[in-house]
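Mind looking over this structure? Questions follow.
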Amino acid sequence: MSAAPETILFVDDEEPLRHAAAQTLQLAEFDVACFAEAEAALPRIARDFPGILVTDIRMPGMDGTTLMARALEIDPEFPVILVTGHGDVDLAVQSMRDGAYDFLEKPYAPSRLVASVRRALDKRRLTLDNRQLRAAMGRRDPVEARLTGRSAVMVALRQQLRAVAGTDADVLIVGDTGTGKEVAARALHRASTRSTGPFQHINCAALPADLIESELFGHEAGAYPGAMRARFGKFEAARGGTVFLDEIDSLPLPLQAKLLHAIQNRTVTRLGSNDPVHLDIRFVAASKKDLEAEAAAERFRADLLYRLNVVTVGLPPLAERREDIPLLFAQLATEAAARYKQPAPEISGAILTALAARDWPGNVRELRNAADRYVLGLDLALTNTAEGASMGLAERMAAHEKALIAASLAAHGGRLKDTYAALNLSRKALYEKMQKHGLSRDTFAEED
């Protein structure tokens, strides 16, 4: 079922003004529905209506400010543009405080009407897209809720994690800094039969060198000076759940040997004890380094690597899934707004396009920081990288065009009609540009 077209509801009791406005908006390729009375337009307004309202203030019967109030009762985020006479400016200013999006003073230039309407429709489109995103987040399974993206690499990643989640196989997660290795580990845990058990995150690089063994395996009272009483290790504390060994390449080689024994036998022996403790846990390890190269250099035990990588999951950098950036940034901004108790931010199409075109060496972590700054009202620098700046004009324009089309396809779930309408292209032109840039609608289609 195709989405309803974006429509401008134009209300004015003067027929010549209605006719002139309709002509202006239609020439700008907008759909417009004109009404002589506010009462006739009100039934068209709904929370999911993909349009806006432009209404005169002074009208017989229900006036424009009352119509605006009724519209905002239906949807507090519905854009309303008020049209005022010369003596109504103070009233219009008050209406802006009451929730109006904009106001036009008669006589207004046609270009002023078109510009205001275009901005209001952009706002409406983003509002509805963000609502769909939040609704989709509520419907998604634990894997998709944590690993957002419609790119082929992310679809494949989620399928792999879902397949592994139903087993007890140990997993090795590899990926560059900031790609979301911990997020993937938590998604795997939440989707597994161990989801009600503990998730024990162990940052191997942060463990004190002289206390690593005690931290992981536990100790008995008197096992070493200062050990006044027995203590469970992190492995024992995770029984029935998942142990996530982050930055596992940081473990010293002697500890790697003991870890290998624990994984192979699913037992640990506390320091100062001879009695093995059974472990009912799943091991998930992560590294940003190439562990095969580390093993070849004898900095990582090859036998531990082979025991850990029963299943290896690779997380792609953002550079390999640029088409995911617009919706991912919108989701991160929504989460940041909730975290900082701020209103959900408006994000223009221009910003989303610039975000998709920019390199993100810090990957999702860097994008999350940018979303936080955006929500907090700090400047978001969307400057080209040195590599991008060295490109010729034609290459930069082509990259910008590809990013814009990919962002629009992602925002509309791969629906071509909505995409070429949003980009103001013909169907044929969109097909040609997608072919030129190697874009496929299937990459962006919503998952069932």
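Quick one: Gln132 ticks every box in (1) part of a helix (DSSP H, G or I); (2) buried (at least 18 other Cβ atoms within 10 Å of the Cβ) except a single one, so which number is it?
That leaves (2) as the condition not met.
With the requirement that a residue be assigned to a loop (DSSP other than H, G, I, E, B), within 36 Å of the chain's Cα centre (by Cα) and within 14 Å of Val243 (Cβ to Cβ), what does segment 197-219 give you? Step through it out loud before you land on a result.
Residues of segment 197-219 that are assigned to a loop (DSSP other than H, G, I, E, B), as a first pass: 197-198, 207-211, 218.
Add one more test, that the residue is within 36 Å of the chain's Cα centre (by Cα), and what stays is 197-198, 207-208.
Scanning segment 197-219 gives Gly197, Pro198, Leu207.
Write out, first by first residue and then by second, each pair whose Cβ atoms fall under 7 Å of each other, whose residues are 6+ apart or on separate chains, and whose first residue, in segment 76-96, is assigned to a strand (DSSP E or B) and aliphatic (A, V, I, L, M) while the second is at pLDDT below 80 and buried (at least 20 other Cβ atoms within 10 Å of the Cβ).
Leu82/Ala92; Leu82/Ser95
Among the residues of segment 13-32, is there at least one that is of a type in the set (Gly, Ala, Ser), under 35 Å from the mean Cα position of the chain (by Cα) and either part of a helix (DSSP H, G or I) or modelled with pLDDT under 95 (or both)? Outline the logic, then answer.
In the first step, residues of segment 13-32 are kept if they are of a type in the set (Gly, Ala, Ser); the result is 20-22, 28.
Keeping just the survivors that are under 35 Å from the mean Cα position of the chain (by Cα) gives 28.
Now drop any that are not either part of a helix (DSSP H, G or I) or modelled with pLDDT under 95 (or both), which leaves 28.
Yes: segment 13-32 contains one or more residues that are of a type in the set (Gly, Ala, Ser), under 35 Å from the mean Cα position of the chain (by Cα) and either part of a helix (DSSP H, G or I) or modelled with pLDDT under 95 (or both).
Let me ask something additional. Could you tell me which residue of segment 138-196 is farthest from Asp246 (Cα to Cα), considering only residues that are under 15 Å from the mean Cα position of the chain (by Cα) and among the β-branched types (Val, Ile, Thr)?
Val155
Note down all Cβ pairs under 9 Å where the first residue falls in segment 350-373 and is part of a helix (DSSP H, G or I), the second is surrounded by fewer than 22 Cβ atoms within 10 Å (Cβ to Cβ) and of a type in the set (Asp, Glu), and they're at least six residues apart or on different chains.
Asn363/Asp176; Arg368/Glu335; Ala371/Glu335; Arg373/Asp379
Any idea how many residues of segment 336-375 are farther than 26 Å from Leu121 by Cα, among the polar types (S, T, N, Q) and touching a helix residue (DSSP H, G or I) at 6+ places or on another chain (Cβ under 8 Å)?
1
Quick check, is Leu9 buried (at least 20 other Cβ atoms within 10 Å of the Cβ), at pLDDT 90 or above and closer than 24 Å to Glu346 by Cβ?
Values: buried (at least 20 other Cβ atoms within 10 Å of the Cβ): yes; at pLDDT 90 or above: yes; closer than 24 Å to Glu346 by Cβ: yes.
Yes; evaluated as a whole, the condition is true for this residue.
The values are calculated or read from the model by the stated rules, or taken from the named source; none is laboratory data. All of these numbers come straight from a predicted model, not from anything done at the bench. A quick note on method: Cβ atoms are made from the backbone with ideal geometry, for glycine too, and the neighbour counts reach across all protein chains shown.
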